[in-house]
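Scroll down for the structure; my scribbles are underneath it.
The values are calculated or read from the model by the stated rules, or taken from the named source; none is laboratory data. Since the model is a prediction, treat every value here as computed from it, not as a measurement. Quick reminder, even Gly has a Cβ in these numbers, built from the backbone with ideal geometry, and neighbours come from all protein chains shown.
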Amino acid sequence: MSYMRGDYYLWSDGADVLHIWAADGYDGWDEAIWAIDEEEKRHENRLNASGVGIPEKKMDEFVVMRLAEMIKEGLVEETIDRTIEDYGGNFGCEALAKSAESLKAALKQVIFK
């Protein structure tokens, strides 16, 4: 399923993999400490890694499309709980953790026909 097409192409292959391709997305990931250690040696478990930079507004657009699908499929509560469990120590998860119960309650009110 294609979510976005054009310079930013986001699609799911039906096997639970979201593909993100960007015409101008190179962000230097392969030179970061994430890929190369302090001794300029590539981390062995990242030899086949790759990365892409996507503008936040494009990701936001994807997120609302995917959220609508997740509401329809009844996956929101499970995904909120799993996300907090897996990433609760990260700054990016703070807003979700603080509003999790309110979000769950509000999104239960959304009904697809």
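Do you know which residues across segment 46-62 are modelled with pLDDT of 85 or more and loosely packed, with under 12 Cβ neighbours inside 10 Å?
Our first condition is that a residue be modelled with pLDDT of 85 or more; within segment 46-62, this holds for 52-62.
The answer is Glu56, Lys57, Asp60.
Please find, among Asp81, Asp16, the residue that is loosely packed, with under 13 Cβ neighbours inside 10 Å, out of contact with any His (no Cβ under 9 Å at 6 or more places or on another chain), at positive phi and free of Cβ contacts under 8 Å to residues at least 24 places away in the same chain. Working first, answer last.
On the way: Asp81 fails: at positive phi.
That would be Asp16, the only listed residue that is loosely packed, with under 13 Cβ neighbours inside 10 Å, out of contact with any His (no Cβ under 9 Å at 6 or more places or on another chain), at positive phi and free of Cβ contacts under 8 Å to residues at least 24 places away in the same chain.
Surrounded by 11 or more Cβ atoms within 10 Å (Cβ to Cβ) and within 17 Å of Ile20 (Cβ to Cβ): is that true of Arg66 in this structure? It would help to see each step written out before you state the result.
Details: surrounded by 11 or more Cβ atoms within 10 Å (Cβ to Cβ): yes; within 17 Å of Ile20 (Cβ to Cβ): yes.
The answer is yes for Arg66.
Can you tell me how many residues within segment 17-46 are aromatic (Phe, Trp, Tyr) and either in contact with an Asp or Glu (Cβ under 6 Å, 6 or more places away or on another chain) or part of a loop (DSSP other than H, G, I, E, B) (or both)? Steps first, answer last, please.
At the first step, the residues of segment 17-46 found to be aromatic (Phe, Trp, Tyr) are 21, 26, 29, 34.
Adding the requirement that they be either in contact with an Asp or Glu (Cβ under 6 Å, 6 or more places away or on another chain) or part of a loop (DSSP other than H, G, I, E, B) (or both) leaves 26, 34.
Here the count works out to 2.
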